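Student: Below is one structure. I have some questions about it.
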Amino acid sequence: MLIGYPWDIRPVRNPLRGLRISTKDNQVEHEMISGAVRTTGRPNTPRRWSASWVNLSDSDARWLRYLYRRSGGPGPVVVIDAATRNFQPPAASLGRGRPDQWAPSSGTIAAQTDLSNLWSGGAAGAELTWRHPVWGRWPVSPGLVFSFRHNATGATAGVAFYTRAGTAMYGVNSSGMGISVTPPAGAVWVRPYLVKTGAGALTVPESCIRYESEIGASWGDGEHCAAMTLRNPSEAIQVLPLRDLTLDLLEM
């Protein structure tokens, strides 16, 4: 797995038995005087990931300790695991949810009664950017493949790279609905976007964002956006310099 701050993402050994994931439904049950039962809940359901390592190397242990002690800043941190196949919030990957999850270069986005989002007013060549819910742009690391794909007809895909300070580097456009690019040296952020090839309104499409591999013609719903907070660390020293370590990772 890969973990670190957006500007410093490093590989560490995979946890011993993978990542154990638990979900809170964030619902409260109310029993009314009439006998009716009502429930209320939050729209988002962040998951808690539990990871454990046995005989972790000194370098990996020091890096994880640096992160959970927040020595480099308050976070959150980037967590990229091979099991995640779509690094987006679930609703955004389906083209649903708040319209501010996307940023059009022209025109407006409005939520529809069927829960979809309609982009209107954008001329041919206009861009629709996918916004990261925490950082605005997606974190990348030089040499780490970044892939983006949507299923909208009449539109192509592209990505634009930025430095840590947010200075634009360059963009890459594809002739199809998907693109897979290796970030250049100095790149810390990437902005995935759709380019309209015709006029008229466009329903925000289903989409996929993935690290380390390309995206095929079909994919699953979004799982999480790679931003997490580290909690409840516990270390055990068995035989120096090796250590046993457990951590909880809470999705943002």
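Here, each number is a calculation from the coordinates, and none is a lab measurement. Every value quoted in this text rests on a predicted model; they were computed, and no experiment measured them. With ideal geometry, Cβ positions are generated from the backbone for all residues, glycine too; neighbour counts draw on all protein chains shown.
Student: Rank Leu240, Pro192, Thr182 by how far each Cα sits towards the positive end of the charge dipole of the chain (+1 on Lys, Arg Cβ; -1 on Asp, Glu Cβ) and give me just the farthest.
Tutor: Positive-most Cα among the choices belongs to Leu240.
Student: Also, quick follow-up: Could you size up the charge dipole of the chain around its Cα centre, putting +1 on the beta carbon of Lys and Arg and -1 on that of Asp and Glu, and report it in debye to the nearest 20?
Tutor: In debye, rounded to 20, the chain gives about 420.
Student: Related question: For the pair Val145/Thr182, report the inter-label distance in nm, with labels modelled 7 Å from Cα in the Cβ direction.
Tutor: Distance between label points: 1.0 nm.
Student: For the chain, max minus min Cα coordinate along each principal axis, in Å, sorted largest first?
Tutor: Answer, in whole Å and largest first: 66, 65, 31 Å.
Student: Right, next: Within a Cβ distance under 13 Å of Ser147, other residues only, what is the Lys/Arg minus Asp/Glu net charge?
Tutor: +1
Student: Beta carbons within 10 angstrom, averaged per residue: use that to sort the peptides 48-57, 143-152, highest first.
Tutor: 143-152, 48-57
Student: Rank-order 112-120, 186-194 by packing density, defined as the average count of other C-beta atoms within 10 Å over each peptide's residues, highest first.
Tutor: Result, highest mean first: 186-194, 112-120.
Student: Within a Cβ distance under 12 Å of Trp102, other residues only, what is the Lys/Arg minus Asp/Glu net charge?
Tutor: With Lys, Arg at +1 and Asp, Glu at -1, the neighbours total +2.
Student: Here's something else I'd like to know. Can you give the local net charge around Thr167? Use residues other than it whose beta-carbon is closer than 14 angstrom to its beta-carbon, Lys and Arg +1, Asp and Glu -1.
Tutor: Summing Lys/Arg as +1 and Asp/Glu as -1 gives +3.
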